[in-house]
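Accompanying notes for the structure given below.
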Amino acid sequence: MLILAKSVLGLMLGFFISVFLGFFLLPVLRKLNFRQSICEFITERHMEKEGTPTIGGLIFIIPTIITMILLYVKGSLEITNSLIIILFVFVSYSLLGLADDLKKIIRHHNDGLSIMQKLIAQVVIAIVFFYIYMSGGGSTHLVITSLGIDWNLKWFYGLFILFLLVGSSNAVNITDGEDGLAGGLSAIAFLSFGIISWGTTWVQGYQEIAIFCFILVGSLLGFLVYNTHPAKVFMGDTGSLGLGATLAAVAILTKHELSLAIIGGVFIAETLSSFIQIVSIRKFGKKIFLMAPLHHHFEKLGWSENDIVKLFWIVGFMLGMGAIYYGVWL
C-alpha cells in the first residue's frame with residue numbers, strides 16, 4: 001500500500017503545482033507573443049484559435065520534474081536506471097519539441113524543424129536510451145506471453161526502441177488537434193501504465209516508474225484546467241512529443257509493448273487515418289475520410305468539439321482498462 005500512497009501524493013503535488021504554474025505562466029507566454037500559428041488548410045472552426053498561446057507543455061513538464069525532486073529529497077523514491085531513462089526521454093523529447101515550437105513562433109509559420117533534424121535527434125536519443133538500458137542489465141528479448149513470443153532481437157532492439165519512440169511521439173502529436181484531446185488521452189494512458197507498473201515487480205525500479213506515471217497524470221490534470229475547451233493554451237510539440245515518447249519508454253521498460261498498442265488505440269487510429277488518407281489520395285485520387293486525422297472527420301460530420309473529445313476520452317479510457325486487465329491478469 002505504500003506505493004499507492006506515494007503515487008497518490010505525487011499525483012496531488014503534480015496537480016497543484018501545475019495549476020499554480022499555469023496561472024503565472026500564461027500571462028508570460030502572452031507577453032512574449034508565443035502564439036500558435038494555424039495551418040491554412042485546417043477547418044474554419046480552428047482558424048478561430050489563431051493566436052492562442054503555445055508551449056503550454058511546460059505547464060505539466062516542469063511540475064512533473066519538480067515533484068520528482070521533492071519526493072526524492074523526501075526519500076520517497078530512489079534513482080534507478082529505469083527512472084534515469086524515463087526522465088532522459090521525457091526531457092530530451094520535450095526539448096526537441098520546444099526547439100520545433102520556437103522555430104515556428106520565430107517564423108510565424110506552422111513549419112518547424114526539418115524531418116532530418118528531428119530524425120537525427122531522435123536517433124541520438126534512442127542510442128543513449130539503449131546504452132543506459134543495456135548498462136543496467138536490460139534484456140533485448142521481445143516477450144509477448146499471451147502470443148507465445150520470445151524473440152531475442154540483440155542489437156536490433158535499439159532499432160525497436162527508435163521505432164516505438166518515433167511512432168508514439170508522432171502519434172500523440174497528430175492527435176493534438178482538439179482542445180483537451182491529447183492531454184486527456186495522455187492522462188488516461190499514464191494512469192493505465194501507472195497501475196500496470198505496480199505489478200511489474202520483476203523490473204528494477206518499478207515503483208519509481210509507477211510514481212512517475214501518477215505524478216504526470218496529476219500534472220496533466222492541472223494542465224487540462226487551462227487546455228479544455230475553449231483552450232487558453234496549447235501544449236505544442238513541447239508537450240506532445242515528450243508525452244508520446246515517454247509512453248513508449250514506460251512500455252519498453254515494463255515489457256508491456258503490446259499494452260502500448262491497446263492503451264494508445266486512439267492515438268494509433270488517428271495516425272492510421274492520416275496515413276490511409278494520404279495513400280488513398282496519392283494512389284487513387286480519392287478520400288476515405290472527409291478530412292484527416294480522424295477528429296477532423298467527425299468535425300466535418302458536424303460534431304461539436306466537446307462531443308468529439310468526450311467520445312475519444314471514453315474510448316481511450318475503456319481501452320486503458322482493457323489493457324490493465326490484459327497486462328496485469330492475463
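Quick one: grab the alpha carbon gyration tensor of segment 174-330, order the square roots of its eigenvalues as a ≥ b ≥ c, and give me rounded if a/c is under 1.5, else prolate or oblate depending on whether a/b is larger than b/c.
prolate
If you take the square roots of the eigenvalues of the alpha-carbon gyration tensor of segment 50-152 and sort them as a ≥ b ≥ c, do you get rounded (a/c under 1.5), prolate (a/b over b/c) or oblate?
oblate
For the pair PHE20/LEU311, report the inter-label distance in nm, with labels modelled 7 Å from Cα in the Cβ direction.
Reported label-point gap for PHE20 and LEU311 is 4.0 nm.
If R0 is 22 Å, what FRET efficiency do you get for TRP303 and LYS49 from their C-beta distance, rounded to 0.05?
Once rounded, the FRET efficiency stands at 0.85.
Just to check I understand the Karplus step: with θ = phi - 60° and J = 6.51 cos²θ - 1.76 cosθ + 1.60, what whole-Hz values come out for segment 310-325, glycine and proline as x?
4, 4, 5, 4, 4, 4, x, 5, 5, 5, x, 5, x, 5, 5, 4
Amide H neighbours of GLU178 under 5 Å, counting only residues 5+ apart in sequence or on other chains, H built in-plane at 1.01 Å?
Residues meeting the criterion, in which the H sits 1.01 Å from N, do not exist here.
Mind ordering 94-100, 67-73, 205-211 by average Cβ neighbours within 10 Å, highest first?
205-211, 94-100, 67-73
Could you please rank LEU290, LEU58, LEU258, placing first whichever residue has the fewest other Cβ atoms within 10 Å of its Cβ?
Lowest to highest Cβ neighbour count: LEU290, LEU258, LEU58.
Once R0 is set to 35 Å, what does the formula 1/(1 + (r/R0)^6) return for the Cβ-Cβ distance between LEU272 and ILE84, expressed as a FRET efficiency to the nearest 0.05? Before the final figure, lay out the partial values.
Details: r = 33 Å, r/R0 = 0.94.
E(calc), rounded to 0.05, equals 0.60.
Show the residues, 5+ positions off or on another chain, whose built amide H is closer than 5 Å to the amide H of THR52.
The answer is GLN36.
At 0.36 nm per residue, and after removing the present C-alpha to C-alpha distance, how many nm does the segment from PHE163 to MET321 gain when stretched out fully?
So the extension gain works out to 54.4 nm.
Rounded, prolate or oblate: which fits segment 2-255, taking a ≥ b ≥ c as square roots of the Cα gyration tensor eigenvalues, rounded meaning a/c under 1.5, else prolate when a/b beats b/c?
Oblate, because a/c is 1.5 or more while a/b does not exceed b/c.
Just to check I understand the Karplus step: with θ = phi - 60° and J = 6.51 cos²θ - 1.76 cosθ + 1.60, what whole-Hz values come out for segment 79-84, glycine and proline as x?
Residue by residue, segment 79-84 yields 8, 10, 4, 4, 5, 4 Hz.
Once R0 is set to 22 Å, what does the formula 1/(1 + (r/R0)^6) return for the Cβ-Cβ distance between TRP202 and LYS74, expressed as a FRET efficiency to the nearest 0.05? It would help to have the intermediate numbers written out before the result.
Values: r = 26 Å, r/R0 = 1.20.
The value I calculate is 0.25.
Would you please state which residues of segment 61-76 a label at VAL91 would reach in this model, taking the label point 7 Å out along Cα→Cβ and a backbone N cut-off of under 18 Å?
Only 61-74 fall inside the zone, counting backbone N under 18 Å.
Spelling out what I want: for every residue of segment 164-170, take phi, set θ = phi - 60°, compute 6.51 cos²θ - 1.76 cosθ + 1.60 (Karplus), and round to whole Hz; glycine and proline get x.
5, 4, 5, x, 5, 5, 6
Laboratory data are not the source of any read-out in this text; all were calculated from the coordinates shown. Not measured: the values here are computed from a predicted model. As a convention, Cβ positions derive from the backbone with ideal geometry for all residues, glycine included, and neighbour counts pool all protein chains shown.
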